[in-house]
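Have a look at the structure below before the remarks.
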There are 2 protein chains.
Amino acid sequence: MSQFWSKTVKNLTPYVPGEQPKLSQLIKLNTNESPYGPSPKVLTAIAAATNDTLRLYPDPNSDALKQSIAKIHDLPTNQVFVGNGSDEVLAHAFLGLLKQERPILFPDITYSFYPVYCNLYDIAFETIPLKEDFSINIEDYIQKNNGKNDGIIFPNPNAPTGKALPLGRIKALLQSNTQSVVIIDQAYVDYGTESAVSLVNEFPNLLVTHTLSKSYALAGLRVGYAVGHPDLIEALERIKNSFNSYPIDKLAMAGAIAAIDDQDYLKRISKAVIQTRENLIKDLNELGFETIPSYANFIFTKHPTKDAAAIAAALREKHIIVRHFKMARIDQYLRITIGTDEQCSTLIKALKEII
Amino acid sequence: MSQFWSKTVKNLTPYVPGEQPKLSQLIKLNTNESPYGPSPKVLTAIAAATNDTLRLYPDPNSDALKQSIAKIHDLPTNQVFVGNGSDEVLAHAFLGLLKQERPILFPDITYSFYPVYCNLYDIAFETIPLKEDFSINIEDYIQKNNGKNDGIIFPNPNAPTGKALPLGRIKALLQSNTQSVVIIDQAYVDYGTESAVSLVNEFPNLLVTHTLSKSYALAGLRVGYAVGHPDLIEALERIKNSFNSYPIDKLAMAGAIAAIDDQDYLKRISKAVIQTRENLIKDLNELGFETIPSYANFIFTKHPTKDAAAIAAALREKHIIVRHFKMARIDQYLRITIGTDEQCSTLIKALKEII
């Protein structure tokens, strides 16, 4: 604490990301990265952009990247916003769309950055408990405070549970909730969830966010995006242009365009992750674990008798890192990122020894 | 305007960066980029980092980059903050250090992003007029409101004038202004200005910001940094960790480290720019221009009879882009980035034809 800090700084409880250990030789299943590298076309595109023109500013509007994104979603570019990772996109959305008079709503168990943004920007929020089985009950959102809210946000599939809502439930929410912004955070959508992007032209209050850090295997490049009605996108652009004119560097832009353009590769590696996930769940169940059916590139699992924190610590001694949250309701669960088949076999072998 | 916008968005007047034209074959002297490419070691380092590990998140703390920066300034790493361009560093500094009760102070003619940040974060500010010769008079800051302010920020050298204050004047300001944060924005320091970094351990309220976009020739990579007392740095870290955990991507990190480590290259290309600047000023003066002595990689110049906007438009027809600000006091000036010797010769030739 310092006399020179603003009140904003004094009141913050910053987000703590999953560990990025600097040791090699680890099996890193703690931050939901892709076990496969990015499309080879990404590396080629970055190599082509690595030249003396790095002396020049990038296009502040990232138009070429927006065009690639717009194309895969069959939308015009003024319905696309891009940012330095989906965390930056979300930050701008909290300040530009969710900072209102009444509380916004999100699940009690969800991406733990949401309350951090609220804290940063002084946004009132209330959390809605997940049901006993960790599913989101959209009626709870519709009925909360007699239908009065100033925004709703949740990931679909949700993190860290991996549970997904079918598109019909998202639509039902939007039909009943037309007066505040609804943000669906689709960080993990490519692992088997129906996308809500098909609804953005029907509901002008729907914003759908995406990241290239998971299914596109580009966590190291920091690119995320949002799609929605042009008015919502304009709000994000206005915030962005009052914060940092050039958030996407030239290399990130080149790599992201190549990644988005290679949808075949995306589908191939996403499918491989899904296959490994289903095998891992089966193997875990055979060890007595109870695993929530997952639509993400991670699973959320607990053992009926063995303490989750103790398992995580024991795995760590075997150089396998998984994520454990010391939080009410979920402190007996582990969130395990889907690795390669080989990594998952090593994990299962280690768990057999531990249990 | 939309019913879904927050009040913050509705009240914004976003920053407008200098144009990034998509045409080639232009002589681009409008956004103060380096006329020379980055160190060859930068390109080598980026190439080495362009591989499958892009699937992994970068180090959220950018420790290796902080170490390189700390080394050149002979400071520990907890006195270094890094961000996605110095614009992001400044944004966090406005929210984390300059958002207080009383107005902050900056010059009436300066980097035009400062009032935009104030608008974004609802920070009160007052501007202090530059003296008639466009110099900053630090007594005006010391005396303003009987010495009561909640922060002072200006670039040294100032933009778009290119005028610099000697270190003694910065020190005098800090000696008289100990109760609020003073930010010296050193975007252009490598072109002949004494750095205020030597004062950070003497004055715990001094933050000094830098960019790699100008003298390091890496505008395309988006890296900036700040140095100061550990408490000031901690404020920036807390904001950053409540906004975006991973602002520096892996390639930007690799390139920035190589750039910082190659101080010989930095000195060589900065010296070349200074030499070209002095020649350009001489040539302009021979054409009747009145040019402010510059300590930056741009000059601020006016013609006694020919309208500045008209000159800029005429240059544009000849495919030369310079920057003109439609603002009180400076609307008869042009800000011209120092190009290569050849580009500056072409500029002078074009101006001879125009005038």
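Read-outs throughout are calculated quantities, based only on the coordinates presented, and are distinct from any laboratory measurement. Just so you know, these numbers come straight off a predicted model, no measurement behind them. Cβ: placed from backbone, ideal geometry, glycine included. Neighbour counts: every protein chain shown.
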Inset, instruction - Taking the dipole about the Cα centre of the protein assembly as shown, with the C-beta of Lys and Arg at +1 and of Asp and Glu at -1, give me whichever of A:Leu167, B:Ala187, B:Phe94 is farthest to the positive side. - result: B:Ala187
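Net charge near A:Thr211, counting Lys/Arg +1 and Asp/Glu -1 over other residues with Cβ under 12 Å of its Cβ?
-3
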Inset, instruction - Among DSSP beta bridges lying fully in the protein assembly as shown, give the percent that are antiparallel, nearest 5. - result: 50 percent
Inset, instruction - Compute log10 of I(q)/I(0) for the protein assembly as shown with the Debye formula, placing one identical point scatterer on every Cα and leaving out solvent, at q = 0.09 Å⁻¹, to two decimals. - result: -0.80
Inset, instruction - Give me the orientation-averaged projected area of the Cα convex hull of chain A, in nm², one decimal. - result: 19.0 nm²
Inset, instruction - Would you mind telling me the antiparallel percentage of the DSSP bridges in chain A, rounded to 5? - result: 50 percent
Legend entry - Taking chain B and dividing mean pair separation by its residue count, relative contact order in percent (alpha carbons under 8 Å, at least six apart): 23 percent
Legend entry - Mean separation of Cα contacts under 8 Å, 6 or more apart, over the residue count of the range B:253-355: relative contact order %: 25 percent
Legend entry - Sites matching GluC sites (Glu not before Pro) across the range B:81-144 that sit in DSSP coil, with at most 11 neighbouring C-beta atoms within 10 Å: B:Glu101, B:Glu132
Legend entry - Spacing of the two label points (7 Å from each Cα toward its C-beta) at A:Glu286 and B:Asp331, in nm: 7.9 nm
Legend entry - 18 Å Cα-Cα threshold exceeded, pairs from B:Lys302/B:Lys352; A:Lys318/A:Lys352; A:Lys214/B:Lys250; A:Lys66/B:Lys7; A:Lys99/A:Lys240; A:Lys214/B:Lys66: A:Lys66/B:Lys7; A:Lys214/B:Lys66
Legend entry - Candidates per trypsin sites (Lys or Arg not before Pro) in the range A:142-195, loop by DSSP, up to 13 other Cβ within 10 Å: A:Lys148
Legend entry - Candidate aspartates and glutamates - alpha carbon under 19 Å from B:Lys144, same-chain residues fewer than 8 apart omitted: B:Glu101, B:Asp108, B:Glu126, B:Glu132
Inset, instruction - Any chance you could check the Cα centroid distance between the range A:169-186 and the range B:86-130 for me, in angstrom? - result: 37 Å
Legend entry - Nearest-20 debye value, the range B:40-263 charge dipole, Cβ charges on Lys, Arg, Asp, Glu: 140 debye
Inset, instruction - Taking all pairs of distinct Cα atoms, average 1/r, flip it, and tell me the Kirkwood hydrodynamic radius of the range A:200-324 in Å to one decimal place. - result: 18.0 Å
Inset, instruction - Let me have the 222 nm mean residue ellipticity of the protein assembly as shown computed from DSSP H runs of 4+ only, each contributing -39500 (n - 2.57), with the sum over all residues rounded to the nearest 500. - result: -11000 deg cm²/dmol
